[in-house]
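Novice: This is the structure, below, for whatever I ask next.
The values are calculated or read from the model by the stated rules, or taken from the named source; none is laboratory data. Owing to the predicted nature of the structure, the values given are computational and were not obtained by experimental measurement. So basically every Cβ, Gly included, is an ideal-geometry build from the backbone, and we count neighbours across all protein chains shown.
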Amino acid sequence: MNGWKKAGRGAKVRLVASFDEQEAVVLRGLIGEVRQMLAGRTADNPADELAALTGIRTGPSTRPDDRVLARLLPDFTTEDADLAAGLRSLHEPALIEAKEAAADLVLDTLPVTGGRVELAPEQGDVWLAALNDVRLALGTALDVSEDMPEQLPADDPRASHLGVYHWLTYVQDGLVQARMKV
């Protein structure tokens with residue numbers, strides 16, 4: 001990846017970067033994995049007859065058991081368990097929908113074989129949300145913490161994936177920096 005740059009002026013401002021084929025494959029694959037996790041959470045939600053009658057969507061009231069999914073779909077409050085359950089039930093479907101829409105935009109604008117990505121500033125914001133979801137998921141799976149060294153020993157099974165996490169950080173940071181110039 002050559003880094004994000006601002007191009008154009010006024011209403012024609014775009015955020016531009018180029019991805020090589022391997023980078024596109026990795027990013028598209030990670031986005032796809034996050035989408036599968038979210039789809040699984042949606043599929044696990046039992047049908048609600050009242051929701052079908054009223055048109056009010058509801059989701060599960062319990063936190064996901066999977067720690068990666070729980071990081072992507074955190075509690076809305078921790079002060080009251082009943083309130084947290086109610087808020088989750090009401091808002092989780094919309095949160096999942098927004099995350100899926102962000103993933104779709106990345107998949108729609110990132111060429112399968114790599115190449116130039118050109119985004120309107122608002123699309124850049126959506127990309128940032130999707131990149132953040134991928135970083136959260138991967139970081140949680142790898143147990144990334146502030147205390148973690150930049151590189152892990154070669155025999156650590158997380159070592160090769162940590163490089164991908166750092167690359168995602170670079171992609172996201174570059175897009176933030178370019179977006180701030182708009």
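Novice: Could you please let me know if GLY32 is modelled with pLDDT of 95 or more, under 23 Å from GLY174 (Cβ atoms), of a type outside the set (A, V, I, L, M, F, W, C) and within 15 Å of the chain's Cα centre (by Cα)? Write out each step before concluding.
Specialist: Details: modelled with pLDDT of 95 or more: yes; under 23 Å from GLY174 (Cβ atoms): yes; of a type outside the set (A, V, I, L, M, F, W, C): yes; within 15 Å of the chain's Cα centre (by Cα): yes.
Criteria met by GLY32.
Novice: Filter segment 57-80 down to the residues that are in contact (Cβ under 8 Å) with a residue 24 or more places away in the chain and not polar (S, T, N, Q) and list them by number.
Specialist: Quick first cut of segment 57-80, residues in contact (Cβ under 8 Å) with a residue 24 or more places away in the chain only: 57-63, 66-69, 71-73.
Matches in segment 57-80: ARG57, GLY59, PRO60, ARG63, ASP66, ARG67, VAL68, LEU69, ARG71, LEU72, LEU73.
Novice: Can you spot a residue in segment 7-15 that is at pLDDT 95 or above, within 30 Å of GLY115 (Cα to Cα) and within 18 Å of the chain's Cα centre (by Cα)?
Specialist: Checked against the condition, which is being at pLDDT 95 or above, within 30 Å of GLY115 (Cα to Cα) and within 18 Å of the chain's Cα centre (by Cα), segment 7-15 yields no hits at all.
Novice: Failed condition for LYS6, given (1) surrounded by fewer than 16 Cβ atoms within 10 Å (Cβ to Cβ); (2) not in a loop (DSSP other than H, G, I, E, B), with all others met?
Specialist: Going through (1) surrounded by fewer than 16 Cβ atoms within 10 Å (Cβ to Cβ); (2) not in a loop (DSSP other than H, G, I, E, B) one by one, LYS6 breaks only (1).
Novice: Please go through segment 73-89 and pick out each residue that is surrounded by 15 or more Cβ atoms within 10 Å (Cβ to Cβ) and out of contact with any Phe, Trp or Tyr (no Cβ under 8 Å at 6 or more places or on another chain).
Specialist: Just the residues of segment 73-89 that are surrounded by 15 or more Cβ atoms within 10 Å (Cβ to Cβ), to begin with: 73, 76, 84-89.
LEU73, PHE76, ALA85, GLY86, SER89 - these are the residues of segment 73-89 that are surrounded by 15 or more Cβ atoms within 10 Å (Cβ to Cβ) and out of contact with any Phe, Trp or Tyr (no Cβ under 8 Å at 6 or more places or on another chain).
Novice: Could I ask something else about it? List pairs: first residue in segment 103-117 and at negative phi, second residue among the hydrophobic types (A, V, I, L, M, F, W, C) and part of a loop (DSSP other than H, G, I, E, B) anywhere in the structure, Cβ distance under 7 angstrom, at least six positions apart or on different chains.
Specialist: What qualifies is VAL117/LEU110.
Novice: Only one of (1) in contact (Cβ under 8 Å) with a residue 24 or more places away in the chain; (2) within 26 Å of LEU15 (Cα to Cα) is not met by HIS166, so which one is it?
Specialist: (1)
Novice: Which one of these is hydrophobic (A, V, I, L, M, F, W, C), closer than 30 Å to THR169 by Cα, modelled with pLDDT of 95 or more and surrounded by fewer than 16 Cβ atoms within 10 Å (Cβ to Cβ): ALA70, ALA24? Walk me through how you get there before you give the answer.
Specialist: Working: ALA24 fails: surrounded by fewer than 16 Cβ atoms within 10 Å (Cβ to Cβ).
Testing whether each residue is hydrophobic (A, V, I, L, M, F, W, C), closer than 30 Å to THR169 by Cα, modelled with pLDDT of 95 or more and surrounded by fewer than 16 Cβ atoms within 10 Å (Cβ to Cβ) leaves just ALA70.
Novice: Give the residues of segment 90-104 that are crowded, with 18+ Cβ neighbours inside 10 Å and of a type outside the set (Val, Ile, Thr), sorted by residue number. It would help to see each step written out before you state the result.
Specialist: At the first step, the residues of segment 90-104 found to be crowded, with 18+ Cβ neighbours inside 10 Å are 92-93, 96, 99, 102-103.
Scanning segment 90-104 gives GLU92, PRO93, LYS99, ALA102, ALA103.
Novice: What are the residues in segment 159-181 that are in contact with a helix residue (DSSP H, G or I) (Cβ under 7 Å, 6 or more places away or on another chain) and either assigned to a loop (DSSP other than H, G, I, E, B) or of a type in the set (Val, Ile, Thr) (or both), if any?
Specialist: Across segment 159-181, the qualifying residues are VAL164, THR169, VAL171, VAL176.
Novice: Here is a list: ASP133, ASP143. Which entry is surrounded by fewer than 18 Cβ atoms within 10 Å (Cβ to Cβ) and either in contact (Cβ under 8 Å) with a residue 60 or more places away in the chain or out of contact with any Gly (no Cβ under 8 Å at 6 or more places or on another chain) (or both)?
Specialist: On the way: ASP133 fails: surrounded by fewer than 18 Cβ atoms within 10 Å (Cβ to Cβ).
Going through ASP133, ASP143 in turn, the sole match is ASP143.
Novice: Can I ask one more? Which number in (1) outside any loop (DSSP other than H, G, I, E, B); (2) in contact with a helix residue (DSSP H, G or I) (Cβ under 9 Å, 6 or more places away or on another chain); (3) of a type in the set (Val, Ile, Thr) marks the one condition that VAL25 misses?
Specialist: Among (1) outside any loop (DSSP other than H, G, I, E, B); (2) in contact with a helix residue (DSSP H, G or I) (Cβ under 9 Å, 6 or more places away or on another chain); (3) of a type in the set (Val, Ile, Thr), the lone unmet condition for VAL25 is (2).
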